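Everything on this sheet refers to the single structure shown next.
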Amino acid sequence: TRSTRPQRMLKAVQKNATKGSPESVISAIDYFCKHSEWAMNVGDEKGSILDSVVTEVNPSTVLELGTYCGYSTVRIARLLSPGTKFITLEFNPANVTVARQIIAHAGLQDKVTVVEGSSGDLIPQMKERFGITTFDFIFLDHWKDRYLPDIKLFEECGLLRKGSVLLADNVICPGAPEYLEYVRNSPRYENRYYPAHLEYTKVEDGLEKSVFLG
Ligand SMILES: Nc1ncnc2c1ncn2CCCCCNC(=O)c1cc(-c2ccc(F)cc2)cc(O)c1O
Ligand SMILES: [Mg+2]
(Lines give C-alpha, C1' and ligand atoms only; values in the text may rest on other atoms or scores of the structure.)
(Ligands and ions follow the chains in the order given, each with its own letter.)
Protein backbone atom coordinates (compact mmCIF):
# COMPACT_ATOMS: atom_id res chain seq x y z
CA THR A 1 0.00 0.00 0.00
CA ARG A 2 1.04 3.61 -0.62
CA SER A 3 3.23 5.25 2.01
CA THR A 4 1.97 8.27 3.96
CA ARG A 5 3.42 11.79 3.79
CA PRO A 6 4.88 11.49 7.31
CA GLN A 7 6.54 8.21 6.30
CA ARG A 8 8.04 9.85 3.18
CA MET A 9 9.23 12.75 5.35
CA LEU A 10 10.89 10.28 7.76
CA LYS A 11 12.68 8.59 4.83
CA ALA A 12 13.94 11.97 3.63
CA VAL A 13 15.30 12.72 7.13
CA GLN A 14 16.98 9.31 7.41
CA LYS A 15 18.52 9.76 3.95
CA ASN A 16 19.58 13.44 4.12
CA ALA A 17 20.09 14.40 7.78
CA THR A 18 23.17 13.64 9.88
CA LYS A 19 22.31 11.41 12.83
CA GLY A 20 22.61 13.38 16.11
CA SER A 21 22.33 16.76 14.40
CA PRO A 22 19.04 18.57 15.18
CA GLU A 23 19.92 21.37 12.73
CA SER A 24 20.34 18.92 9.84
CA VAL A 25 17.02 17.24 10.71
CA ILE A 26 15.30 20.65 10.67
CA SER A 27 16.94 21.53 7.32
CA ALA A 28 16.08 18.16 5.78
CA ILE A 29 12.39 18.55 6.70
CA ASP A 30 12.26 22.15 5.44
CA TYR A 31 13.93 21.05 2.16
CA PHE A 32 11.44 18.17 1.79
CA CYS A 33 8.49 20.53 2.36
CA LYS A 34 9.81 23.20 -0.03
CA HIS A 35 10.90 20.86 -2.87
CA SER A 36 8.91 17.63 -2.51
CA GLU A 37 5.66 17.84 -0.52
CA TRP A 38 4.11 20.60 1.59
CA ALA A 39 3.44 19.48 5.16
CA MET A 40 1.97 21.28 8.18
CA ASN A 41 5.18 21.72 10.18
CA VAL A 42 5.53 25.14 11.80
CA GLY A 43 8.30 25.77 9.23
CA ASP A 44 11.44 27.87 9.20
CA GLU A 45 9.99 31.41 9.36
CA LYS A 46 7.58 30.78 12.27
CA GLY A 47 10.13 28.28 13.63
CA SER A 48 12.66 31.08 14.12
CA ILE A 49 10.07 33.02 16.13
CA LEU A 50 9.37 29.85 18.17
CA ASP A 51 13.12 29.52 18.79
CA SER A 52 13.39 33.11 20.04
CA VAL A 53 10.45 32.75 22.44
CA VAL A 54 11.75 29.41 23.85
CA THR A 55 15.20 30.94 24.32
CA GLU A 56 13.73 34.02 26.05
CA VAL A 57 11.55 31.92 28.40
CA ASN A 58 14.27 29.29 29.10
CA PRO A 59 11.56 27.01 30.56
CA SER A 60 11.97 24.18 33.08
CA THR A 61 8.67 22.56 32.02
CA VAL A 62 7.34 22.49 28.44
CA LEU A 63 4.18 21.10 26.82
CA GLU A 64 3.55 20.84 23.06
CA LEU A 65 0.05 20.06 21.75
CA GLY A 66 0.19 18.43 18.31
CA THR A 67 3.52 16.67 17.69
CA TYR A 68 2.73 15.68 14.08
CA CYS A 69 6.15 14.52 12.74
CA GLY A 70 8.23 16.11 15.48
CA TYR A 71 9.64 19.11 13.56
CA SER A 72 8.74 21.71 16.21
CA THR A 73 9.53 19.13 18.89
CA VAL A 74 13.11 19.00 17.58
CA ARG A 75 13.24 22.81 17.29
CA ILE A 76 12.20 23.19 20.93
CA ALA A 77 14.15 20.25 22.43
CA ARG A 78 17.48 21.38 20.93
CA LEU A 79 17.23 24.67 22.85
CA LEU A 80 16.33 23.29 26.31
CA SER A 81 18.66 23.19 29.30
CA PRO A 82 19.53 19.75 30.74
CA GLY A 83 16.91 18.55 33.20
CA THR A 84 14.03 20.35 31.48
CA LYS A 85 10.77 18.33 31.47
CA PHE A 86 9.33 18.36 27.92
CA ILE A 87 6.10 16.53 27.02
CA THR A 88 4.49 16.50 23.55
CA LEU A 89 1.00 15.15 22.87
CA GLU A 90 -0.06 13.52 19.58
CA PHE A 91 -3.48 12.09 18.77
CA ASN A 92 -2.55 9.99 15.74
CA PRO A 93 -0.57 6.81 16.60
CA ALA A 94 1.03 6.64 13.12
CA ASN A 95 2.38 10.16 13.65
CA VAL A 96 3.66 9.17 17.11
CA THR A 97 5.70 6.40 15.46
CA VAL A 98 7.17 8.74 12.83
CA ALA A 99 7.82 11.55 15.32
CA ARG A 100 9.71 9.27 17.72
CA GLN A 101 12.00 8.17 14.87
CA ILE A 102 12.63 11.74 13.67
CA ILE A 103 13.33 12.90 17.23
CA ALA A 104 15.70 9.93 17.70
CA HIS A 105 17.50 10.75 14.43
CA ALA A 106 18.16 14.21 15.90
CA GLY A 107 19.53 12.52 19.05
CA LEU A 108 16.95 14.22 21.26
CA GLN A 109 14.97 11.18 22.43
CA ASP A 110 16.13 11.67 26.05
CA LYS A 111 14.93 15.31 26.07
CA VAL A 112 11.25 14.75 25.33
CA THR A 113 8.42 12.35 26.06
CA VAL A 114 5.98 11.76 23.16
CA VAL A 115 2.57 10.80 24.60
CA GLU A 116 -0.25 9.41 22.44
CA GLY A 117 -3.70 10.79 23.17
CA SER A 118 -5.99 13.79 22.88
CA SER A 119 -5.28 17.03 24.75
CA GLY A 120 -8.72 16.99 26.39
CA ASP A 121 -8.02 13.60 27.96
CA LEU A 122 -4.33 14.10 28.79
CA ILE A 123 -4.13 17.67 30.16
CA PRO A 124 -6.06 16.70 33.35
CA GLN A 125 -3.59 13.81 33.81
CA MET A 126 -0.41 15.90 33.66
CA LYS A 127 0.05 16.21 37.41
CA GLU A 128 -0.57 12.58 38.35
CA ARG A 129 1.10 10.94 35.31
CA PHE A 130 4.11 13.19 34.89
CA GLY A 131 4.52 14.98 38.23
CA ILE A 132 4.07 18.38 36.63
CA THR A 133 2.80 21.21 38.84
CA THR A 134 2.77 24.05 36.28
CA PHE A 135 4.07 24.57 32.73
CA ASP A 136 6.50 27.43 32.00
CA PHE A 137 5.97 27.18 28.22
CA ILE A 138 3.14 25.69 26.11
CA PHE A 139 3.15 25.47 22.28
CA LEU A 140 -0.35 25.03 20.80
CA ASP A 141 -0.32 23.46 17.32
CA HIS A 142 -3.15 20.92 17.38
CA TRP A 143 -6.81 21.13 16.35
CA LYS A 144 -7.53 24.85 16.07
CA ASP A 145 -10.96 24.49 17.69
CA ARG A 146 -9.27 22.88 20.72
CA TYR A 147 -7.11 25.94 21.53
CA LEU A 148 -9.88 27.68 23.51
CA PRO A 149 -11.23 24.69 25.46
CA ASP A 150 -7.67 23.64 26.27
CA ILE A 151 -6.49 27.02 27.62
CA LYS A 152 -9.57 26.96 29.88
CA LEU A 153 -8.60 23.42 30.90
CA PHE A 154 -5.07 24.62 31.79
CA GLU A 155 -6.63 27.28 34.05
CA GLU A 156 -9.07 24.85 35.67
CA CYS A 157 -6.35 22.25 36.31
CA GLY A 158 -4.05 24.87 37.88
CA LEU A 159 -1.35 24.17 35.27
CA LEU A 160 -0.47 27.86 34.72
CA ARG A 161 1.56 30.08 37.02
CA LYS A 162 2.21 33.85 36.96
CA GLY A 163 4.46 34.22 33.91
CA SER A 164 3.54 30.99 32.08
CA VAL A 165 3.91 31.59 28.33
CA LEU A 166 1.56 30.12 25.72
CA LEU A 167 2.52 30.35 22.03
CA ALA A 168 -0.19 29.46 19.49
CA ASP A 169 0.49 28.56 15.86
CA ASN A 170 -1.94 29.28 12.98
CA VAL A 171 -3.99 31.99 14.64
CA ILE A 172 -4.69 33.42 11.13
CA CYS A 173 -4.49 30.32 8.90
CA PRO A 174 -6.34 28.02 9.41
CA GLY A 175 -7.26 30.42 12.25
CA ALA A 176 -8.31 30.24 15.90
CA PRO A 177 -10.69 33.22 16.18
CA GLU A 178 -12.44 32.22 19.42
CA TYR A 179 -9.05 31.60 21.10
CA LEU A 180 -7.70 34.98 19.94
CA GLU A 181 -10.82 36.79 21.14
CA TYR A 182 -10.55 35.06 24.53
CA VAL A 183 -6.89 35.83 25.30
CA ARG A 184 -7.07 39.35 23.85
CA ASN A 185 -10.15 40.25 25.94
CA SER A 186 -9.04 38.55 29.16
CA PRO A 187 -7.38 40.69 31.88
CA ARG A 188 -5.44 37.55 32.86
CA TYR A 189 -3.23 37.51 29.76
CA GLU A 190 -0.70 39.87 28.20
CA ASN A 191 -0.53 39.17 24.46
CA ARG A 192 1.74 39.84 21.50
CA TYR A 193 1.09 38.93 17.87
CA TYR A 194 4.02 37.85 15.66
CA PRO A 195 3.08 38.27 11.97
CA ALA A 196 4.53 35.69 9.59
CA HIS A 197 3.34 33.35 6.83
CA LEU A 198 1.84 29.89 6.58
CA GLU A 199 4.75 27.44 6.50
CA TYR A 200 6.46 27.25 3.07
CA THR A 201 3.94 29.66 1.48
CA LYS A 202 3.24 33.40 1.02
CA VAL A 203 -0.15 33.09 2.75
CA GLU A 204 -0.54 35.31 5.83
CA ASP A 205 -0.34 33.59 9.22
CA GLY A 206 1.13 34.34 12.63
CA LEU A 207 1.84 33.28 16.19
CA GLU A 208 0.13 34.68 19.29
CA LYS A 209 2.16 34.79 22.51
CA SER A 210 0.10 35.00 25.71
CA VAL A 211 1.64 35.46 29.17
CA PHE A 212 -0.57 34.33 32.09
CA LEU A 213 -0.72 37.07 34.74
CA GLY A 214 -2.05 34.88 37.55
N1 LIG B 1 -2.91 15.64 21.41
C2 LIG B 1 -3.83 16.13 20.55
N3 LIG B 1 -5.00 16.59 21.00
C4 LIG B 1 -5.90 17.06 20.12
N5 LIG B 1 -5.73 17.10 18.79
C6 LIG B 1 -4.56 16.64 18.33
C7 LIG B 1 -3.58 16.17 19.15
N8 LIG B 1 -2.54 15.77 18.40
C9 LIG B 1 -2.86 16.03 17.14
N10 LIG B 1 -4.09 16.52 17.08
C11 LIG B 1 -4.78 16.80 15.87
C12 LIG B 1 -4.06 17.92 15.20
C13 LIG B 1 -4.17 17.81 13.71
C14 LIG B 1 -3.25 18.78 13.04
C15 LIG B 1 -3.39 20.20 13.62
N16 LIG B 1 -2.72 21.18 12.79
C17 LIG B 1 -3.36 21.68 11.74
O18 LIG B 1 -4.49 21.33 11.45
C19 LIG B 1 -2.62 22.64 10.86
C20 LIG B 1 -3.14 22.90 9.59
C21 LIG B 1 -2.48 23.76 8.71
C22 LIG B 1 -3.04 24.01 7.36
C23 LIG B 1 -3.04 25.30 6.83
C24 LIG B 1 -3.55 25.54 5.55
C25 LIG B 1 -4.08 24.48 4.82
F26 LIG B 1 -4.56 24.72 3.58
C27 LIG B 1 -4.09 23.20 5.34
C28 LIG B 1 -3.57 22.97 6.61
C29 LIG B 1 -1.29 24.39 9.09
C30 LIG B 1 -0.77 24.14 10.36
O31 LIG B 1 0.38 24.74 10.78
C32 LIG B 1 -1.44 23.28 11.25
O33 LIG B 1 -0.90 23.11 12.49
MG1 LIG C 1 0.63 24.59 12.87
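The values are calculated or read from the model by the stated rules, or taken from the named source; none is laboratory data. Quantities reported herein were computed from a predicted structural model and do not represent experimental measurements. Cβ: placed from backbone, ideal geometry, glycine included. Neighbour counts: every protein chain shown. Only protein heavy atoms, including side chains, enter the accessible area calculation; ligands, DNA and RNA are left aside. Shrake-Rupley method; radii C 1.70, N 1.55, O 1.52, S 1.80 Å.
Here are a few things to note about the model shown:
- Förster-model FRET efficiency, 35 Å R0, Ser27 and Asn191, C-beta, rounded to 0.05: 0.65
- Annotation: amide H-H contacts under 5 Å for Leu207 (H modelled 1.01 Å from N, sequence separation of 5 or more, or interchain): Tyr194, Ala196.
- With all protein chains modelled, accessible area of Thr55 [1.4 Å, Å²]: 90
- Annotation: Cα Rg of the chain relative to the compact-globule expectation 2.2 N^0.38 Å equals 0.96.
- Helix 43-57 vs. the chain, principal-axis angle (Cα, 0 to 90°, nearest 10): 50
- Kirkwood hydrodynamic radius computed over the stretch 92-214 comes to 15.7 Å, based on all pairs of distinct alpha carbons.
- Counting Lys and Arg as +1 and Asp and Glu as -1 over every other residue whose Cβ lies under 13 Å from the Cβ of Val98, the net charge comes to +2.
- Shape of the stretch 84-154, Cα gyration tensor, a/c cut at 1.5: oblate
- Accessible area ranking (1.4 Å probe, heavy atoms, ligands and nucleic acids excluded), largest first, for Leu79, Leu207: Leu79, Leu207.
- Once the Cα atoms are used to define both axes, helix 5-16 deviates from the longest principal axis of the chain by about 60 degrees.
- Normalised by the number of residues in the chain, the mean separation of alpha-carbon contacts (under 8 Å, six or more apart) gives a relative contact order of 20 percent.
- Between the stretch 131-193 and the stretch 4-48, the alpha-carbon center distance in angstrom: 27
- Accessible area (Å², 1.4 Å probe, nearest 10) - Phe130: 40
- Per residue accessible area in Å² of the chain, where ligands, DNA and RNA are left out and the probe is 1.4 Å: 45
- Protein accessible area in the stretch 126-187, 1.4 Å probe - carbon and sulfur %: 53
- For Asp145, net neighbour charge (Lys/Arg +1, Asp/Glu -1) across residues whose Cβ lies under 15 Å away: -2
- Nearest-ten-degree value, helix 147-156 long axis tilted from longest Cα axis of the chain: 50
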